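Please read the structure below before turning to the comments.
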Amino acid sequence: MAFLSNLVNGISLGSIYAMIALGYTMVYGIAKMLNFAHGDVIMVGAYLAFCAAQYWGLPPLVSLLVAMAACTVLGMTIEKLAYAPLRQATSLAVLITAIGMSYLLQNLALLIWGANPKVFPDLISLDSLHLFGGELVIKGATVVTIAANIVIMVVLTLFINRTKMGKAMRCVSEDRGAAELMGINVNRTISMTFAIGSCLAAVAGFLLCSSYPMLQPTTGSMPGIKAFTAAVFGGIGSIPGAMIGGILLGVIEILGKAYVSTELGDAIVFAVLIIVLLVRPTGLLGKPMREKV
Amino acid sequence: MKKLLALVLALALTLGMTAAFAEDLTLTIGHIGPQTGPAAVYGLATYRGAQIAADEITAADNGITVVLLNEDDAHDAEKSITAYNTVMDNGAQMIVGTTTTAPCIAVSAKAFEERVFMLTPSASSPDVTAENDNVYQLCFTDPNQGSASAAVIKDRALGTKIAVIYNNADAYSTGIYQTFIAKAEELGLEVVSTSTFTDDTTDYSVQVAAAKDAGADLVFLPIYYTPASQILIAANTIGYEPVFFGVDGMDGILTLEGFDTSLAEGVMLLTPFVADAKDELTVNFVAKYQELYNEVPNQFAADSYDCVYALVAAAQKAGVKTGDAAEDICDAMIAAMQELEIDGLTGHMTWNAEGEVDKIPTAMVIKNGVYVGLDN
């Protein structure tokens, strides 16, 4: 039973990583850039949801929608101001800009919301599931996170494969120059990608803080890095890959901590990553010739 | 009452001394601590506590003016050195700080070379004072807290099977853990589970489950209140209700925004300062702090407040005069500190030659959302 309980905790943590990894993989797959500020957009989303629920007294779902809308605008603004001017620059320049953006967001949050950590309110009113006579507890937030992950994955896959905008995204991903020649508005497509990625970040922030209710300006950093690892693990650019990578990473982390050593938990995670990348350099689901996203 | 009496006596002594010297003293004190970044909460508290003390002393109109020069170090050793250079360039004669341990180790080495007297309100590692005769601490050292906790748990029979969860990426937490374990072994306490986390941990379910599965009836948490709140939430999720025992880092859990304080009910902790204490010194300080900064002061603010009073008292003892250079008064300050005996917000304090403070931590328990003494 202890094993099952750890497994559930692992899936719970992993589904959060998966949710964040979806945003990373979207942007990487299409814009071919690592948006290191993604973790911080998550933090901003969580703060906005917190403010909406705690200070303005809005219902949970409305708080989430407010955070999603605000993060979408934030993501598009960041892209317009910081990344778009660097469209022709080297990928290193863009990477450094993204890291700078990450620090900018963290420090803005510090300025606006202060350094004192806040405990995120319990906005998901779904009761915990008590199975096997209370031996196994599954938090309501975990159930919601897993369900949200599946819904988002399906919707994203359909969007990418079935809509005109999705088609444009696949084209830009495959060959930006050729896409432009074929009359696809590359800037608009990338901007749209950031909008979707940031909107997902708000959802991820909401769910992250519902499961692990600690909110401070650095909240998004470590989950962001772990999720990036998950995206690489699953094969960056692949949507199901991000999902599988995220969940596996969470499960490995928790089982490693539970059965090997709490001190080595993170070391085990990254050791597994290295092994996977040695055997499959493109990640679990990434194929060298695969159509990205 | 004792604190009040001591305050009156200290005041009388101060007045007497100014009368004797009949010379006004302007003391320039530098404060260095993180006011931005992840540890900002501690640096802001120490700055505010020190500022209140400085204003109080200046306003008391007995010939002493305290000028506080404040610099932010963002909990970064290099920035802390820059901050130190800035306050020294601006004429600081001594330092309150630095607030956090890692920058303090860097700054104290430099201050040792340049002979600048430092009194840190909160950098609690023995590494801060180890090689430096010019650095004094006003907070407990980490080793003291660990052994004092084990002694209280043993004396009061608070638990028979003990689990420990600590932050192994943090010098503060690890330091307390090591002395706790050593003392627990000496006293014959049974430690059934030990697990760790780091600053980047988001999930605490494994650590809590390990304590539960080992059948621990007391969980010792030598950690700060932020992760502690997450551990309390995780324990509540799986319906685990042992006694939780914390140290001074636990202080702050009741003012954590959004935290359901009912989860902290029954949590015990060792702390030198409680904002709910009813003595006049504490009541006045808390009222003033709330008025100025709109929040309840934590022990960092209280320690820093005491630091300024201790520095002023030591400076008077050492015969420091307005405009004396830091390196000229350092040795006199060191001698004066060792003879100093003061009562402040955080209790009765004396210092040894290593720069460690001697004061008694009080065991507290959270009842109905406030700290009360374990004996009450």
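See the values below:
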{"quantity": "Restricting the range B:219-237 to residues that are within 25 Å of residue A:12 (Cβ to Cβ) and under 19 Å from the mean Cα position of the chain (by Cα), the residue that is nearest to the other protein chains (Cβ to nearest Cβ)", "calculated": "B:226"}
{"quantity": "Residue count, the range B:129-146 (criterion: without any contact (Cβ under 8 Å) to a residue 60 or more places away in the chain and buried (at least 18 other Cβ atoms within 10 Å of the Cβ))", "calculated": "2"}
{"quantity": "Residue selected from the range B:185-198 under the condition farther than 28 Å from residue B:40 by Cα and part of a loop (DSSP other than H, G, I, E, B), by the criterion farthest from the other protein chains (Cβ to nearest Cβ)", "calculated": "B:188"}
{"quantity": "Answer from A:162, A:176, A:188 - the residue that is away from chain B (no Cβ under 14 Å), modelled with pLDDT under 90 and more than 18 Å from residue A:12 (Cβ to Cβ)", "calculated": "A:176"}
{"quantity": "Residue, surrounded by the fewest Cβ atoms within 10 Å (Cβ to Cβ), within the range A:195-214, restricted to residues that are within 11 Å of chain B (Cβ to nearest Cβ) and at pLDDT 90 or above", "calculated": "A:209"}
{"quantity": "Hits in the range B:154-201 - residues which are over 19 Å from the mean Cα position of the chain (by Cα) and β-branched (Val, Ile, Thr)", "calculated": "B:160, B:162, B:164, B:165, B:181, B:191, B:192, B:194, B:196, B:198, B:201"}
{"quantity": "Identity of the residue in the range A:31-62, closer than 19 Å to residue A:148 by Cα and over 19 Å from the mean Cα position of the chain (by Cα), that ends up surrounded by the fewest Cβ atoms within 10 Å (Cβ to Cβ)", "calculated": "A:61"}
{"quantity": "Tabulated pairs, the range A:93-115, first in contact (Cβ under 8 Å) with a residue 40 or more places away in the chain, second crowded, with 18+ Cβ neighbours inside 10 Å and among the charged types (D, E, K, R), C-beta under 6 angstrom, 6+ apart or interchain", "calculated": "A:102/A:40; A:105/A:40; A:106/A:40"}
{"quantity": "Every residue from the range B:224-252 that is assigned to a helix (DSSP H, G or I) and of a type in the set (Phe, Trp, Tyr)", "calculated": "B:225"}
{"quantity": "Failed criterion for residue A:171 (all others in (1) of a type outside the set (Asp, Glu); (2) surrounded by fewer than 24 Cβ atoms within 10 Å (Cβ to Cβ); (3) in a helix (DSSP H, G or I); (4) within 14 Å of chain B (Cβ to nearest Cβ) hold)", "calculated": "(4)"}
{"quantity": "Unique match (being more than 12 Å from chain A (Cβ to nearest Cβ), surrounded by 19 or more Cβ atoms within 10 Å (Cβ to Cβ) and not basic (Lys, Arg)) among B:273, B:259", "calculated": "B:273"}
{"quantity": "Candidate set from the range B:199-213 (those that are facing chain A (nearest Cβ under 7 Å) and not in a helix (DSSP H, G or I)); member that is modelled with the highest pLDDT", "calculated": "B:203"}
{"quantity": "Tally of residues being more than 8 Å from chain B (Cβ to nearest Cβ) and either under 19 Å from the mean Cα position of the chain (by Cα) or hydrophobic (A, V, I, L, M, F, W, C) (or both) across the range A:254-270", "calculated": "7"}
{"quantity": "From the options A:50, A:132, residue that is within 14 Å of chain B (Cβ to nearest Cβ) and on the phi < 0 side of the Ramachandran plot", "calculated": "A:50"}
{"quantity": "One residue from B:332, B:336, B:302, B:315 being part of a helix (DSSP H, G or I), in the same structural domain as residue B:44 (by TED's automatic domain parsing), surrounded by 15 or more Cβ atoms within 10 Å (Cβ to Cβ) and under 17 Å from the mean Cα position of the chain (by Cα)", "calculated": "B:302"}
{"quantity": "Residue check for residue B:168: of a type outside the set (Phe, Trp, Tyr), surrounded by fewer than 24 Cβ atoms within 10 Å (Cβ to Cβ), within 30 Å of residue B:97 (Cβ to Cβ) and in contact with a helix residue (DSSP H, G or I) (Cβ under 8 Å, 6 or more places away or on another chain)", "calculated": "yes"}
{"quantity": "Only one of A:127, A:122 that is surrounded by fewer than 18 Cβ atoms within 10 Å (Cβ to Cβ), within 12 Å of chain B (Cβ to nearest Cβ), in contact (Cβ under 8 Å) with a residue 24 or more places away in the chain and out of contact with any Pro (no Cβ under 6 Å at 6 or more places or on another chain)", "calculated": "A:122"}
{"quantity": "Residues of the range A:82-114 satisfying the condition of being surrounded by fewer than 16 Cβ atoms within 10 Å (Cβ to Cβ) and of a type in the set (Phe, Trp, Tyr)", "calculated": "A:103"}
{"quantity": "Within the range B:238-249, tally of residues that are without any contact (Cβ under 8 Å) to a residue 40 or more places away in the chain, within 14 Å of another protein chain (Cβ to nearest Cβ) and either surrounded by 17 or more Cβ atoms within 10 Å (Cβ to Cβ) or of a type in the set (Phe, Trp, Tyr) (or both)", "calculated": "2"}
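The values are calculated or read from the model by the stated rules, or taken from the named source; none is laboratory data. The structure displayed is predicted, hence computed values, not measured ones. Neighbour counts are summed over all protein chains in view; Cβ atoms, including those assigned to glycine, are modelled from backbone coordinates with ideal geometry.
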